[in-house]
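Read through the structure below, which is laid out as structure tokens, and then see the notes.
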Amino acid sequence: MQLWFTEMHCEGAKFSIKVKKCVYGGESPFQRIDILDTEAFGVVLVLDGIVMLTERDEFIYHEMIVHPAMAVNPEIKNVLVIGAGDGGTIRELARYGSIERIDMVEIDREVVEVCKKYLPKTACAFDDKRVNLYFEDGLKFVRGKKNEYDLIVVDSTDAFGPGEGLFTREFYGNCYNALKENGIMVNQHESPFYPEDAKLVSNAHFHISSLFPVSRVYQAHIPTYPSGHWLFGFASKGIDPVEDLKEDYWNSLGIETRYYNTRLHKGCFALPTYVEELLKDEDY
Amino acid sequence: MEALDSYRAKRVVSFDVPGHKQGKGNPELVKFLGAQCISVDVNSMKPLDNLSHPVSVIKEAEMLAAEAFGAANAFFMVNGTSSAVSAMIMSVAKSGEKIIVPRNVHRSVINTLIISGAVPVYVNPGIHPTLGIPLGMSVKDLKKAIEENPDAKAVFVNNPTYYGICSNMTEIVKLAHEHGMYVLADEAHGTHFYFGEDMPVAAMKAGADMSAVSVHKTGGSLTQSSLLLTGPRIEANYVRQIINLTQTTSASYLLLSSLDVARRTLALQGKEIFRKVAQMAVYAREEINNIGGYYAFSREIIDGEFVHDFDVTKLSVYTRDIGLAGIEVYDILRDKYGIQIEFGDIANILAIVSIGDNQYAIERLVSALAEIKRLYSRDNEGMLKYEYIAPVPVIKPKQAFFADKVSVPIGESEGYICGEFVMCYPPGIPILAPGEKITREALDYIVYAKEKGSFLTGTEDLDLNYIKVLKD
């Protein structure tokens with residue numbers, strides 16, 4: 001028997017993974033959650049039919065959403081993570097002894113429970129004493145905060161469904177307000193390649209740029225995400241992601257990584273021309 | 001709805017209008033609107049009945065609607081609630097006969113007076129001292145108007161106003177009936193009163209004689225579809241004759257079927273739906289009030305006189321204290337945040353929370369308002385305070401509308417008698433109506449509203465630089 005999971009990457013293009021076994025399937029109040037065991041990518045988390053992470057390539061995403069910000073500001077102590085129910089972002093953050101508090105806001109408790117059970121390598125830091133878990137709407141949570149965090153990581157799902165509010169101008173503005181003077185916001189910034197995703201990229205960048213003095217975009221290669229070419233946003237109230245890189249400091253921490261390194265850090269902010277053009281689009 | 005399903009299943013070959021013949025003649029339209037939709041855009045025919053003369057399926061659907069809304073009779077309306085308002089007034093008041101109306105009525109009421117020649121007797125609604133919005137009619141003021149005009153044929157009541165404010169419908173019905181007058185209700189914003197729990201009283205329940213209900217506004221049917229409800233004292237067949245004077249003879253089956261489907265959903269799930277709607281609105285109000293600076297008002301404005309009851313599903317927010325006119329907040333929400341609300345006026349915004357909303361959308365609205373306060377708030381000095389301009393009626397609307405008129409620059413029009421409407425749309429409540437004296441107060445309001453970005457309508461001059469006034 002051959003069983004294949006298929007995700008539409010755009011109208012007219014599909015991406016399929018051969019499934020060994022469906023390990024879990026359930027409906028939370030917010031979304032459909034599936035866990036698949038696959039040959040090529042190991043255990044895969046699927047939300048509403050869209051691949052969120054696979055055991056094989058999740059390290060790329062999680063290293064890239066955390067380490068670039070941590071390498072430019074050693075003073076980061078208070079961190080807010082929004083989304084990220086799989087725990088991968090927390091795992092990377094927990095590697096820094098300098099961080100004192102990690103507040104994590106995830107709308108869907110069941111995602112966390114399922115990941116703890118089936119993705120223990122990713123969901124391994126929830127028990128860290130510095131982590132405070134809040135199960136509520138990220139948009140609502142951040143609205144009530146002011147001048148409280150050094151870093152906000154927006155590790156959202158796609159902009160359709162529960163993650164919708166996390167791609168909006170009001171959300172980015174609320175984040176700005178919740179950040180301290182040296183604050184940094186890093187966000188999952190979707191893919192620039194397929195037209196529908198590209199529109200999200202340009203809209204999000206337009207909103208962030210009109211709210212933050214510094215707004216840059218960097219890239220990574222993530223095989224199981226649509227087009228494989230993925231972007232992250234780096235926004236701050238002044239810190240520059242390349243000029244302010246503390247290369248020696250970060251390397252002295254001895255954090256072992258498989259994708260991120262400080263040489264790549266300097267390069268990943270250089271973008272393809274078509275992406276540069278896309279980010280200039282102000283046609284909101 | 002079943003009749004249309006069955007029509008579709010029979011694959012009838014059509015040699016009648018509409019000429020697109022289930023879309024075959026206009027593939028581009030099918031692509032745009034969807035095949036399912038186009039296939040029921042049909043003409044009236046025996047198996048599908050005829051709205052102007054209903055004897056079978058439309059009659060049945062209207063009877064079901066009457067039952068669901070607790071009315072003696074119901075009419076499906078396809079020319080908007082405006083046409084239902086007209087039909088109500090023309091059914092009870094002929095040319096020269098009086099009808100008592102609060103001044104904050106929708107323009108469709110005064111339109112009807114222009115067409116029919118009936119004469120308005122205005123009752124001024126109260127004005128809220130902080131919010132500046134027009135409220136309901138007090139029973140005391142109405143009593144006075146009735147005593148002064150014992151020959152009036154009917155009393156017209158907004159239930160609720162755009163802002164969710166209700167007059168004392170039960171008392172008004174009692175008072176009007178004692179004096180042999182009919183009660184007509186504009187329930188454009190009150191469909192949910194018939195189905196939700198803990199809502200203000202619905203007109204039919206309170207014993208009103210007729211009501212115009214915009215099912216499309218909060219009940220889920222298609223735009224322009226509406227219901228006219230009548231009580232036991234009203235001769236239904238005469239009302240149909242009145243409706244047929246102006247109603248299209250090619251009623252859209254898309255609109256008609258949407259009324260039928262909405263009626264069914266409301267009857268079966270209305271209670272649950274409006275419980276959720278009310279919950280969302282209450283939650284949003286709390287969160288907005290927590291931001292500070294805004295005032296999302298609710299039942300605390302009930303004063304037993306001008307505000308007898310309040311519709312909690314209406315999310316009105318007073319914005320003047322953050323130094324922004326409602327219309328400015330309305331524009332920022334749309335242009336910067338991609339959030340479209342119902343309207344903004346001088347000092348308030350109104351967001352409609354309905355059957356189609358979810359928690360995510362509410363969170364977005366609240367967060368956007370928090371951001372707008374953070375980024376745009378300013379000192380509120382010099383901001384105009386009141387929404388309501390007391391009218392000075394001089395001659396009858398019909399006489400004024402059809403009189404000889406001249407065009408004058410709006411800035412020089414003070415003291416003239418106005419020959420046309422001026423209003424912000426929405427809400428569509430006239431600042432000036434035909435036959436009213438143009439006062440300094442009204443002009444100041446118009447200039448201010450225009451400057452703040454309100455969409456002013458009603459005048460022949462679309463830019464509103466000139467206004468038509470009556471020749472001396």
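Some values worked out for this structure:
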read-out: Whole-number Å³ per residue for the convex hull built on Cα positions in the stretch A:1-125; value: 117 Å³
read-out: Residues B:LYS140, B:LYS452, B:LYS276, sorted so that the one with the fewest Cβ neighbours within 10 Å comes first; value: B:LYS140, B:LYS276, B:LYS452
read-out: Ranking of B:TYR318, A:TYR61 by count of other Cβ atoms within 10 Å, fewest first; value: B:TYR318, A:TYR61
read-out: Dimensionless Rg ratio for the stretch B:1-43, taking C-alpha atoms and the 2.2 N^0.38 Å reference; value: 1.09
read-out: Hull shadow area, averaged, chain A [alpha-carbon convex hull, nm²]; value: 14.1 nm²
read-out: Set of lysines with alpha-carbon distance to B:LYS144 below 26 Å, sequence-local pairs under 8 removed; value: B:LYS94, B:LYS98, B:LYS153, B:LYS174, B:LYS205, B:LYS396, B:LYS398, B:LYS437
read-out: 5 angstrom amide H check on B:LYS98, placed H, neighbours 5+ away; value: B:VAL119, B:LYS153
read-out: Whole-angstrom gap from the stretch B:415-457 to the stretch B:134-207, using each part's C-alpha centre; value: 26 Å
read-out: Table column - 3J(HN,Hα) (Hz), the stretch B:224-241, Karplus curve with 6.51, -1.76, 1.60, x for Gly and Pro; value: 5, 8, 7, 10, 10, 9, 10, x, x, 7, 9, 7, 4, 5, 5, 4, 4, 4
read-out: Average projected area [Cα convex hull, the protein assembly as shown], square nanometres; value: 37.3 nm²
read-out: Proxy reagent accessibility, fewest Cβ within 10 Å first, across B:ARG240, A:ARG32; value: A:ARG32, B:ARG240
read-out: Distant-in-sequence amide H partners of A:VAL217 (H built 1.01 Å from N, under 5 Å); value: A:PHE234
read-out: As computed over the stretch B:13-98, the Cα convex hull volume per residue (Å³); value: 158 Å³
read-out: Reciprocal of mean inverse Cα separation for the stretch B:269-376 (Kirkwood radius, Å); value: 14.1 Å
read-out: Value of relative contact order over chain A, rounded to a whole percent, pairs C-alpha under 8 Å and six or more apart; value: 16 percent
read-out: Charge sum, other residues only, whose C-beta stays under 14 Å from B:ILE302's C-beta, Lys/Arg counted +1 and Asp/Glu -1; value: -4
read-out: Vicinal HN-Hα couplings computed from phi for the stretch B:177-188 (Karplus, 6.51 cos²θ - 1.76 cosθ + 1.60; Hz; Gly/Pro x); value: 5, 4, 9, x, 10, 7, 10, 10, 10, 9, 10, 3
read-out: Calculated diffusion of the stretch B:397-470, Stokes-Einstein form, Kirkwood radius summed over Cα pairs, 37 °C and 0.692 mPa s, µm²/s; value: 275 µm²/s
read-out: P(r), alpha carbons of chain B - 10 Å bins starting at zero, rounded %; value: 4, 19, 28, 27, 17, 5, 0
read-out: Averaged over B:361-373, number of beta-carbon atoms from partner chains that fall within 10 Å; value: 6
read-out: Residue-by-residue Karplus 3J(HN,Hα) for the stretch B:460-472, coefficients 6.51, -1.76, 1.60, Hz, glycine and proline x; value: 4, 6, 5, 8, 6, 8, 10, 9, 7, 10, 6, 5, 4
read-out: For B:ILE352, distant residues with modelled amide H under 5 Å away; value: B:GLU342
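Only the coordinates and a few stated rules stand behind these numbers; no lab work does. Note that the structure is predicted; figures quoted are calculated from it, not measured. Because the Cβ atoms are built from the backbone with ideal geometry, glycine has one as well, and the counts that use them run over all protein chains shown.
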